[in-house]
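Enquirer: Here it is, the structure, as structure tokens.
The values are calculated or read from the model by the stated rules, or taken from the named source; none is laboratory data. Just so we're clear, the structure is a prediction, and the values are computed from it rather than from any experiment. Positions of Cβ are backbone-derived with ideal geometry, glycine not excepted, and every protein chain shown enters the neighbour counts. Heads up: the accessible areas ignore ligands, DNA and RNA and are worked out on the full protein's heavy atoms, side chains in. Shrake-Rupley method; radii C 1.70, N 1.55, O 1.52, S 1.80 Å.
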Amino acid sequence: MSIHFQRRETVPAYTRNVTSKDQIKWSAEFEVPAIGADILIRLNGIGRAKVVGYATHGGYLGVMSVPCSPPGLWIQQNGPPSSDNAALAFGAEIALLSSREAT
């Protein structure tokens with residue numbers, strides 16, 4: 001299995017079995033969010049973000065997402081958030097937002 005970063009437009013086949021050595025792993029208890037879904041990136045206080053795609057890295061599946069209002073340090077390190085400059089976050093680093101929280 002490749003450990004390199006690979007961006008994807010659709011969700012690839014995956015498993016939640018984190019001990020798997022031959023399948024891509026998803027590290028959350030919930031389903032992979034759809035493109036357009038609002039999520040909360042808990043890591044580094046990034047906050048609310050919109051899913052714009054998917055990526056695999058190191059055998060894990062993550063979501064590519066555009067932060068809505070990232071902290072200044074994130075912008076300083078990464079530049080302005082956009083679809084072309086999306087953040088990669090893995091299942092264990094995010095939470096789903098209810099439709100009420102997403103508005």
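Enquirer: Specify the residue that is modelled with the lowest pLDDT; the eligible residues are those in region 28-43 that are touching a helix residue (DSSP H, G or I) at 6+ places or on another chain (Cβ under 9 Å) and surrounded by fewer than 15 Cβ atoms within 10 Å (Cβ to Cβ).
Expert: Checked region 28-43; the qualifying residue modelled with the lowest pLDDT is Leu43.
Enquirer: Please specify each residue of region 50-103 satisfying the condition of being in a strand (DSSP E or B), out of contact with any Lys or Arg (no Cβ under 6 Å at 6 or more places or on another chain) and of a type in the set (Val, Ile, Thr).
Expert: Those that are in a strand (DSSP E or B), out of contact with any Lys or Arg (no Cβ under 6 Å at 6 or more places or on another chain) and of a type in the set (Val, Ile, Thr): Val51, Val52, Thr56, Val63, Ile94.
Enquirer: Would region 21-29 turn up any residue that is polar (S, T, N, Q) and not in a loop (DSSP other than H, G, I, E, B)?
Expert: no
Enquirer: Next question, about the same structure. Being closer than 21 Å to Pro12 by Cα and either open to solvent by 20 Å² or more (accessible area, probe 1.4 Å) or touching a helix residue (DSSP H, G or I) at 6+ places or on another chain (Cβ under 6 Å) (or both) is the filter here, so list the residues in region 58-85 that pass it.
Expert: Gly58, Tyr60, Val66, Ser83, Asp84
Enquirer: Please determine, by comparing only the residues of region 44-57 that are open to solvent by 10 Å² or more (accessible area, probe 1.4 Å) and small (Gly, Ala, Ser), which one is nearest to the chain's Cα centre (by Cα).
Expert: Applying the filter and picking the extreme gives Gly47.
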